[in-house]
Amino acid sequence: MANVILKNLVKRFNAVTAVDNLSIEIHDREFAVLVGPSGCGKTTALRMIAGLETITSGEIFIGDTLVNDMAPKDRDIAMVFQNYALYPHMNVRDNLGFGLKIRKFPQEEIDSRVQEAADILGIQELLDRKPKELSGGQRQRVAVGRAIVRKPKVFLFDEPLSNLDAKLRVAMRAEISKLHRRLGATIIYVTHDQVEAMTMADRIFIMHNGALQQTGMPLEVYGQPANRFVAGFIGSPAMNFIEAALVRDAGAWFIDAGGFRVRAPEAFYARLEPHAGRPVIFGVRPEDMAAHDPAAGAGDGNTVKARADVVETLGSEIFVYLTCGAHSVVARMEAPERPLTVGQTLEVDLKMVKTHIFDKETSRTIV
């Protein structure tokens with residue numbers, strides 16, 4: 001296996017900059033996920049690593065080798081495409097071994113590698129079937145198996161689960177994660193699905209408008225987002241954003257959103273000082289809002305009143321769409337013993353130590 005280094009990578013299509021000065025290092029045997037919305041440049045970056053897209057400027061290293069001018073077949077990578085790209089006239093056995101055949105591997109070696117990949121993926125009984133006889137999940141396994149037989153330095157995955165139904169996507173996420181541990185492979189995985197990124201990655205690389213926004217382990221980018229975009233992209237449902245102002249009162253800091261006011265934790269004070277009197281964006285995740293328990297007393301001053309507009313019941317938890325002052329927010333709560341009703345007024349506690357404040361002008365995280 002090998003590490004992959006991108007240095008100041010740029011890709012332009014005429015006047016459009018698809019990848020803008022991207023510099024990252026993916027470690028040997030790491031499961032790295034490039035994630036972001038459609039059009040953010042993640043697939044273009046992956047295709048440049050594979051050699052399927054020319055580079056406008058910058059450098060790509062696989063291991064210690066600069067591969068900018070190297071043909072895709074010489075880069076020792078294997079790619080799993082979104083549409084699987086199986087040969088419809090070949091059976092599974094021949095699909096798995098075709099890449100080795102055109103490289104003139106001995107037939108005995110091809111048969112050995114195909115059988116090994118089939119054993120790893122549990123598709124032994126499918127070897128004599130054609131792709132049209134396979135389900136979506138089985139085709140996805142064959143596409144992965146075709147990469148495995150290559151035994152490459154780096155595996156590249158381009159949104160391989162996007163064509164599967166929701167239940168199968170969950171199962172295949174686990175399968176690919178187990179495969180990574182078994183092979184000890186370097187994997188670069190592209191997806192627009194932040195849930196896939198959070199559940200599979202060793203490290204996440206979040207992209208937006210062609211630029212890298214933040215790199216880190218899943219819980220790191222979830223708990224310490226670098227800016228408003230990252231905070232809103234990671235997490236489901238997305239973080240609530242509320243325009244507010246910072247107010248100092250009797251030595252304490254408050255976030256004044258017009259319809260409600262809450263007190264900032266003391267741990268925030270030092271970083272709030274330079275932003276006194278300036279407009280900010282107050283961010284609170286849905287899971288950091290809870291129905292107030294009257295038995296707990298009056299609370300710590302961070303309880304707000306809200307009206308339930310929509311209640312979505314999901315079994316053990318509910319999503320409640322609330323109007324809080326002039327603001328609309330969504331809360332993710334444990335399902336109450338007594339169901340909430342639309343139009344009901346309730347008190348909601350905010351877990352202030354887990355909230356965030358962003359500079360309104362730059363969108364960068366203040367705290």
Which value, in Å², gives the accessible area per residue of region 140-228 when a 1.4 Å probe is used on the protein heavy atoms?
39
Heads up, I need the accessible area for T215: 1.4 angstrom probe, whole protein in place, Å², nearest 10.
50
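Test of the criteria: in region 71-173, which trypsin sites (Lys or Arg not before Pro) are in a DSSP loop and have at most 14 other Cβ atoms within 10 angstrom of their Cβ?
Numbers: sites: K73, R75, R93, K101, R103, K104, R113, R129, K132, R139, R141, R146, R150, K153, K167, R169, R173; in loops: R75, R103, K104, R129, R150, K153.
Answer by residue number: R103, K104.
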Percent RCO, i.e. relative contact order, over region 79-238, from Cα pairs under 8 Å lying at least 6 residues apart:
21
In a shell of Cβ-Cβ distance under 15 Å around Y87, excluding Y87 itself, what net charge do Lys and Arg (+1) and Asp and Glu (-1) give?
+4
In whole Hz and in residue order, list the ³J(HN,Hα) couplings for region 353-364 that follow from phi through the Karplus curve 6.51 cos²θ - 1.76 cosθ + 1.60, θ = phi - 60°; x for Gly and Pro.
5, 9, 7, 9, 10, 10, 5, 5, 6, 9, 6, 6
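Over the Cα atoms of region 208-335, compute the convex hull volume and normalise it per residue, giving Å³.
Numbers: hull volume 19.6 nm³, N = 128.
Roughly 153 Å³ of hull volume per residue.
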On the full set of protein chains, 1.4 Å probe, figure out the accessible area of F241 and give it in Å² to the nearest 10.
60
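Which of rounded, prolate or oblate describes region 262-367 when judged by the alpha-carbon gyration tensor and an a/c cut-off of 1.5? Show your work: numbers first, answer last.
On the way: a/c = 2.33, a/b = 1.82, b/c = 1.28.
Since a/c reaches 1.5 and a/b is larger than b/c, the shape of region 262-367 is classed as prolate.
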So who's got an amide H within less than 5 Å of the one on H208, skipping anything under 5 residues away but keeping other chains? H placed 1.01 Å off N, in plane.
Q213
Loop only by DSSP, 14 or fewer other Cβ within 10 Å of the Cβ. Give me the trypsin sites (Lys or Arg not before Pro) in region 321-367 that pass, ordered by residue number.
K351
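Taking only complete DSSP H runs, can you tell me which helices of the chain stretch 27 Å or more along their own long axis by Cα positions and average at least 1.0 on the Kyte-Doolittle scale?
Helix filter hits for the chain: none.
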Given a 1.4 Å probe and every protein chain left where it sits, what share in percent of the accessible area of the chain is carbon and sulfur?
49
Highest GNM mean-square fluctuation among P225, P237, P160, for the chain with Cα springs under 10 Å, belongs to P237
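From the P(r) of the chain, can you give the percent of Cα pairs sitting at distances over 36 Å? Before the final figure, lay out each step's value.
Values: 24903 of 67161 pairs.
Of the Cα pairs, 37 percent sit more than 36 Å apart.
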Take the residue pairs K104/K167; K7/K151; K11/K178; K130/K167; K42/K101 and return only those whose Cα atoms are more than 29 Å apart.
K104/K167; K11/K178; K42/K101
Can you work out the Karplus-derived ³J(HN,Hα) for every residue in region 234-245? Use 6.51 cos²θ - 1.76 cosθ + 1.60 with θ = phi - 60°, whole Hz, and x for glycine or proline.
8, x, 9, x, 5, 4, 7, 10, 10, 5, 8, 10
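Dipole of region 132-199, Cα-centred, from +1 at each Lys and Arg C-beta and -1 at each Asp and Glu C-beta, to the nearest 20 debye? Provide the component values of the computation, followed by the final result.
Details: 13 positive and 7 negative charges, 88 e Å.
Computed charge dipole of region 132-199: roughly 420 debye.
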Share of alpha-carbon pairs per 10 Å distance bin for region 7-162, given as whole %
10, 36, 32, 18, 4, 0
Amide H contacts of W253 (H built 1.01 Å from N, under 5 Å, at least 5 apart or other chain)
A264
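The values are calculated or read from the model by the stated rules, or taken from the named source; none is laboratory data. These numbers were taken from a predicted model, which means no experiment stands behind them. Cβ coordinates were reconstructed from backbone atoms using ideal geometry, including for glycine residues, and neighbour counts include every protein chain displayed. Side chains are part of the model used for accessible areas, which takes the heavy atoms of the whole protein and leaves out ligands, DNA and RNA. Shrake-Rupley method; radii C 1.70, N 1.55, O 1.52, S 1.80 Å.
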